[in-house]
Structure formats: C-alpha cells, structure tokens
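Nothing in this text is a laboratory measurement; each read-out follows from the coordinates by a stated rule. Treat the numbers as computed from the prediction; the structure is a model and nothing was measured. Counting neighbours? That spans all protein chains shown, and the Cβs are built from the backbone with ideal geometry, glycine included.
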Amino acid sequence: MTGASFPLLSVFLEMLFFFIFIMWLVILFQVVVDLFRSHDLSGGMKALWFLFLVLLPYLGVFIYLIARGSKMHERQVGAAKQQEQQMANYIREVAMTPADEVAKLHDLLTKGAITEAEFAAAKAKIIGQ
C-alpha cells in the first residue's frame, strides 16, 4: 500500500513532510541566533560552527543541539531579561510627570544653564498656562 493508491494519505504525508521541514527551519534559525548570541565562543569557533551548519545542515543542527543545546534556554532567558530591563529603563526615562520636568528645569536654572525668563516660559508650557 503506497500513498499513490490512497490520495488522502498522499496529501497527509505531503503535509506532514512539509510541516516537519518548516519545524526544522525554525530550529535551524534558533540555532543560528543562539550561535551568534553566545558570548562564550570566540569568533573563529562561531565561524566554524556556522560553516558546519551551512555545509551539513541537518547533521550540524543535531550536533549543535547535543553539544550546546543545554545552554540555549539560559541565553534566551538572559536576552529576554536584558530586553525587558532596557524597555523598563526607557519607559522610566521617557514617561516623566510634569513635576519631574519642572524639577529638571529648576536644576538647569540653579546650574545657570537657563535664565529666569526661560525657566518661567518652559514651566508655563509644561503646566499648560
């Protein structure tokens, strides 16, 4: 019994092979990203791994997952935490209340960076008067 004698089975097998190939591409992409994200490898070793992944893609992915796969999750979590911290810092930096802005203006005034008239104009603009 082959897939040719059962058309529905043939379609199912084609879809199965297609999705397995797509899953392999996703894993390959994750391996390449992890390879270049890794700080414990030198540039030469990264180049050798990448060359291995290009020349023997299936075998290269499986060997990479066996040799270095245990640390992939740790690097992904570390990168996510770093990105989250950067976003939190950016939000804290950008999202200032009017009181914070007036305090910064007052600091500039006490340092002599702006004049009293500039301070009053900027304060009125912030407060909305």
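Averaging the sequence gap over all C-alpha pairs within less than 8 Å and six or more residues apart, then dividing by the number of residues, gives the chain a relative contact order of 15 percent. Note on Ile20 and Val33: their simple-model spin labels are 2.5 nm apart, each label 7 Å out from Cα toward Cβ. Between Ala95, Ala117, Ala47, the Gaussian network model of the chain with springs among Cα atoms under 10 angstrom shows the greatest mean-square fluctuation at Ala117. Distances between every pair of Cα atoms in the range 7-95, grouped in 10 Å steps from 0 to the bin holding the largest one, split as 15, 34, 23, 18, 9, 2, 0 percent.
Between Ala121 and Gln85, the FRET efficiency from the beta-carbon distance, with R0 = 25 Å, is close to 0.10.
For the chain, the number of Lys pairs with C-alpha atoms closer than 26 Å, counting only pairs eight or more positions apart or on separate chains, is 7. A straight chain from Met96 to Phe62 at 0.36 nm per residue would run longer than the Cα-Cα distance by 7.3 nm. Computed over every Cα-Cα pair of the range 60-129 and binned at 10 Å starting from 0, the pair-distance distribution P(r) comes out as 17, 25, 17, 14, 11, 11, 6 percent. Placing R0 at 35 angstrom, the Cβ-Cβ distance between Leu9 and Glu74 gives a FRET efficiency of 0.25 after rounding to 0.05.
Candidate membrane-span-like segments in the chain, meaning DSSP H helices with Cα atoms spread over at least 15 Å of their own axis and a Kyte-Doolittle mean of 1.0 or above, are 7-37, 43-55, 57-68, with no membrane implied.
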